[in-house]
Amino acid sequence: MGLVSTSYLSKTLSDSNRRTFTFSTWLKIPSDINDAQNLFASAYTNSNGTFMFMGFDHVNMIHIQSYVSSSMILNIRTTRKLQDASSWYHLVYRVDTTQSTAANRIRIYVNGEDAETTLDANTIPSQNSELGMNTNVEHRIGNFAGLNRAFYGLLAHTHFADGQSYAPSTFGEFDSTTNEWKAKLNPSVTYGTNGFFLKYENAGNFGLDSSGQSNNMATSGTF
């Protein structure tokens, strides 16, 4: 389990698949923060105006946004809010702009269920659009380079799959007794060039990658 407040993890990634990828994490939200917060983002300070953000807005609506060459090509914000600070949530951002059906290009799930039943914003990228993720710039977990947007909650079992579009059932399942959504501790995932799996088990190295790709992230601040 990793605590991310004014601290964050970071890594400059390689240029890789900008059309298809999946970000999955378990999280606990803070109870008293009224500001936009980042889970995973590429640097807003990118000089060519290309970047991407996955997190929440100031009232905890789930938000994903991307600009390419200073033009917004993706902006989805759910009316569903993450409001229970006492509970763990499983959040999956599933991206695949190669899909011919527009609604399948960006999908967001909470605890295994579709979170996009109603939307506050709904700008979907065109088919085969390349987004502002997986570019050769700094990417951060828990902070947004250039805008801050620090995340003040708890994280556990964070996955990034470069080049793969995974359903939430890859990472979680319903408990046969309680019917509660729970994590698969060792899911079958192809991580790709920039992919990683952060367990936050090593107190001296919260950025240790357990995917086998050796994409360890640098830590900044005190965890």
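The values are calculated or read from the model by the stated rules, or taken from the named source; none is laboratory data. None of the values given here were measured: they were computed from a predicted structure. Ideal geometry is used to build each Cβ from the backbone, glycine not excepted, and the neighbour counts take in all protein chains shown. Accessible surface areas use protein heavy atoms only, side chains included; no ligands, DNA or RNA. Shrake-Rupley method; radii C 1.70, N 1.55, O 1.52, S 1.80 Å.
Computed on the chain, with alpha-carbon pairs under 8 angstrom and 6+ residues apart, the relative contact order is 31 percent. Protein-only accessible surface at a 1.4 angstrom probe places the residues Trp88, Trp181 in the order Trp88, Trp181, largest first.
Counting only Cβ charges, +1 for Lys and Arg and -1 for Asp and Glu, the dipole size of the chain around its Cα centre is about 220 debye. Given the options Ser42, Ser71, Asn128, identify the residue whose Cα lies farthest towards the positive end of the charge dipole of segment 13-149 (+1 on Cβ of Lys, Arg; -1 on Cβ of Asp, Glu). My answer, from the dipole projection, is Asn128. Within the straight-line cut-off of under 20 Å between alpha carbons, the lysines reachable from Lys184 are Lys28, Lys199, sequence neighbours fewer than 8 places apart in one chain being disregarded. Local charge for Ile106 was computed over the other residues whose Cβ lies under 13 Å away, with Lys and Arg +1 and Asp and Glu -1, and equals +2.
Remark: segment 118-223 carries 45 Å² of accessible area per residue (probe radius 1.4 Å; ligands, DNA and RNA excluded).
If I compute percent of Cα pairs over 30 Å apart from the structure I just sent, which labelled value in (i) 14; (ii) 26; (iii) 50 lines up? Recomputing percent of Cα pairs over 30 Å apart here gives the entry labelled (i).
Would you please classify the overall shape of segment 171-223 from the alpha carbon gyration tensor, given that a ≥ b ≥ c denote the square roots of the eigenvalues, rounded means a/c under 1.5, and beyond that prolate means a/b larger than b/c while oblate covers the rest? It is oblate, given that a/c is not under 1.5 and a/b is not larger than b/c.
Once you charge only the Cβ atoms, +1 for Lys and Arg and -1 for Asp and Glu, what is the size of the charge dipole of segment 1-123 about its Cα centre, to the nearest 20 debye? Roughly 300 debye, rounded to the nearest 20.
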